[in-house]
Amino acid sequence: MRRKKFLKRLAILGGIAAIPGLYAWQVEPFWLEFVRHKMPVKNLPKHLYGKSLMQISDVHIGDFFDYQYIIDSFKRAQQLDPDFVVYTGDFVTYEEPKNLEQLAEVIPYFPTGNLGSVGILGNHDYGIDYKEAHVAQNIIDQLTSRNIQILRNETKELNGLHFLGIDDYWGINFHPENATQNYNPKTANIALCHNPDVCDLDVWNSYQGWILSGHTHGGQCKPPFLRAPILPVENKRYDAGIIDLYDGRTLYINRALGCLRQMRFNVRPEITIFELQPA
C-alpha cells in the first residue's frame, strides 16, 4: 500500500514538473503579444503625427515550428491597418531549397503598410553558413512581389520618413557606411539593423534617432526577473525592448515573431506597433 501511494505521488509530481516544459513547447511560442510604444522622431512631418509603424522581425519560416501560426499572426497584424511596416530580418531558417517554397506559401499574407513597407535581411536569409547570395536574392525577389522593398546598405524615403537599411552583420554584404553616409540630420530618420551589435561599431556617421533591430529573440527562454542566459550577441546588454545608447540613439530590439526551435519561456513572441510623434 505504501509503495502504491509513493508511486502515485511520484506520478503526480512528475506531471506537475512536466507542465512548464509543455507550456514552453506548446503555449508560449504561439502566444503572440502586440507591443505598443510611442516613437518620438526628430523633424517628423506634421502629416505623419500619430501614424503607426509596425515592426516585424525574425519570422523564421522553416521546418522547426508550424508556420500556420505565422500566417494567422500576419492576418491579425494586417487587420490593425498599419501605416508603415518594417521587417528587420531572418525571414527564413534556411537549411534546404524547400524552405524557400515554404516562404512562398506565406508571402501573400505578409502585412504591408498604407504608406509603404521596407525591410532588411538577417543572417539566416543568407543560407548555409550565411554565405549563399542566391538564397538572399530569392528572398528579396519574393518580398518585392509583395511590394516590400529590401534595403541593402541604402536609404529609402517613404512619405517624408527616411529609412536607413543596413545589411546583415554576419552576412556577405555588410557595408553599413553606404547607408549611413546618406544620413541627413535635418530629415526624419529611422535605421533598420538586424544585429544590434552593429550599434557598437564606428559606422554611424553621427546618426541620431531610432535603430530597430531583432536577432536576439529576447533570448527565447529566461528566468523571471533575470536577463536571458543565452544571447547571440557580444554586448549582453542587448536583449530586448528599448535601450538608450546615451548618444542620441535609441535602440529597440524586437523579441521575434518566430523562433529557431519551438521553445519559449518568459519571452513571448512579439509584433511591435509604434505611434509616430514629434521629438
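Since every read-out is calculated from the coordinates, none of them should be taken as a lab result. Please read all numbers here as calculations on a predicted model, not as lab measurements. When we count neighbours, we look across all protein chains shown, and the Cβ atoms used for this are built from the backbone with ideal geometry, even at glycine.
Couple of notes before you dig in:
- Meets criteria (outside any helix (DSSP H, G or I), out of contact with any strand residue (DSSP E or B) (no Cβ under 8 Å at 6 or more places or on another chain) and aromatic (Phe, Trp, Tyr)) for Tyr94: yes
- Residues within segment 31-61 that are assigned to a loop (DSSP other than H, G, I, E, B), within 17 Å of the chain's Cα centre (by Cα) and surrounded by fewer than 22 Cβ atoms within 10 Å (Cβ to Cβ), tallied: 2
- Scanning segment 114-134 for residues that are under 19 Å from the mean Cα position of the chain (by Cα) and in a helix (DSSP H, G or I) turns up Asn123, His124, Asp125, Tyr126, Tyr130.
- Here segment 70-91 is the region considered, the condition is being hydrophobic (A, V, I, L, M, F, W, C) and part of a loop (DSSP other than H, G, I, E, B), and the residue that is nearest to the chain's Cα centre (by Cα) is Phe91.
- For segment 200-252, a residue qualifies if it is surrounded by 15 or more Cβ atoms within 10 Å (Cβ to Cβ) and touching a Phe, Trp or Tyr at 6+ places or on another chain (Cβ under 6 Å), and the qualifying residues are Tyr207, Leu212, Cys221, Thr250.
- In segment 214-264, of all residues being outside any loop (DSSP other than H, G, I, E, B) and small (Gly, Ala, Ser), the one that is farthest from Gly122 (Cα to Cα) corresponds to Gly241.
- Residue check, Pro111 in contact (Cβ under 8 Å) with a residue 60 or more places away in the chain and part of a loop (DSSP other than H, G, I, E, B): no
- Once segment 167-181 is narrowed to residues that are touching a residue at least 40 places away in the same chain (Cβ under 8 Å) and among the hydrophobic types (A, V, I, L, M, F, W, C), the residue that is nearest to Asn195 (Cα to Cα) is Trp170.
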